Amino acid sequence: METIALKNISKSYQGKPALRQITFSFPSNTTTAVIGPSGSGKSTLLQLINGLLRPDAGDIHVYGQLIDYNGLPNLRRRIGYAVQGTGLFPHLTVAKNITLLAHLQKWEHEKIKRRLQDLMELVDLPQDYAKKYPHQLSGGEQQRVGLCRAMMLNPGIFLLDEPFGSLDPLTRNEIHREFLKLQEVEARTIVLVTHDLREAIKLARQIMILNQGKIEQVGTQKEILKNPASEFVRQFVQLQLEDDISYAGT
Ligand code: ADP
């Protein structure tokens, strides 16, 4: 079973195409990075997968089933979605932020407590942070809380839209490490939207490059660096990596 499969997906906003005839299956339990210039359709792609948007044409299968637009809450429980900035509720404690969905699902108290502890440990958040409020945490710590929240219900899919975009380089590095660790411990089907090729190379098994709503190339970092499928890919890669020659021989 393919976890996420798109077939001939097109989506326009007020007649202006944002995605054009996208066909692609995301491999299960691995990270695929979606990268491309601003406006190339990355966020639209994610929002189509979690049903926030409906395609004008084409089919989207998630967990082997066509998206049922009358049953979106069910689908969303099985998809972790994290966006840039953390979207944490400022008036709720860290614990409440992370466990909100589980409470709504009427999980047992003990089960919630255990899962909360496990998750905080996994991302290296001290347990006593559970009682803190988001504003008492650094940006990187808040980001980790956001990841814990997205993982709470143990979804098989993560859709991450520039989740590390607002962090300083040091914190970003730290979170990258946590991310890789998590993928080792609890492998998920992850679609990671980023505009940063270095981030994509570091975190993803394969990379999809979008341009003006079309897939220019999908491949491993090696394929994309060594065999760019188009002039656009060649220039895009060159522009992103030109100040770092260490990638040239990868
Ligand atoms: P990216 O995430 O790569 O920056 P988006 O998916 O956000 O790209 O946008 C793709 C195209 O669709 C852009 O031209 C953008 O201006 C347009 N677009 C996105 N969202 C909307 C919207 N809600 N209304 C109108 N146009 C939109």
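Rule-based calculations on the coordinates, nothing more; no lab input. Quantities reported herein were computed from a predicted structural model and do not represent experimental measurements. Every residue, glycine as well, gets a Cβ built from its backbone with ideal geometry; the counts of neighbours run over all protein chains shown.
Of note:
- Inter-label distance, Leu100 to His61: 3.4 nm, where each label sits 7 Å from its Cα along the C-beta direction.
- Once the Cα gyration tensor of region 2-243 is diagonalised, semi-axes √(5λ) in Å: 31, 22, 15
- With each label modelled as a point 7 angstrom along the Cα→C-beta vector, the Tyr129-Gln47 pair spans 3.0 nm.
- Dividing the summed -39500 (n - 2.57) terms of all DSSP H runs of n ≥ 4 by the residue count of the chain sets its mean residue ellipticity at 222 nm at -11000 deg cm²/dmol.
- Structure note, pairs Lys42/Lys131; Lys96/Lys181; Lys42/Lys181; Lys111/Lys181; Lys113/Lys181; Lys111/Lys131: Cα-Cα distances above 28 angstrom occur for Lys42/Lys131.
- Legend: calculated FRET efficiency, Glu2 to Asp118, from the Cβ-Cβ distance at R0 = 30 Å, rounded to 0.05, equals 0.55.
- DSSP assigns beta bridges within the chain; of those with both partners inside it, close to 50 percent run antiparallel.
- Check: region 104-247 dipole with +1 on Lys, Arg Cβ and -1 on Asp, Glu Cβ, in debye: 500
- Dipole moment magnitude, nearest 20 debye, region 2-243 about Cα centre, only Lys, Arg, Asp, Glu C-beta charged: 540
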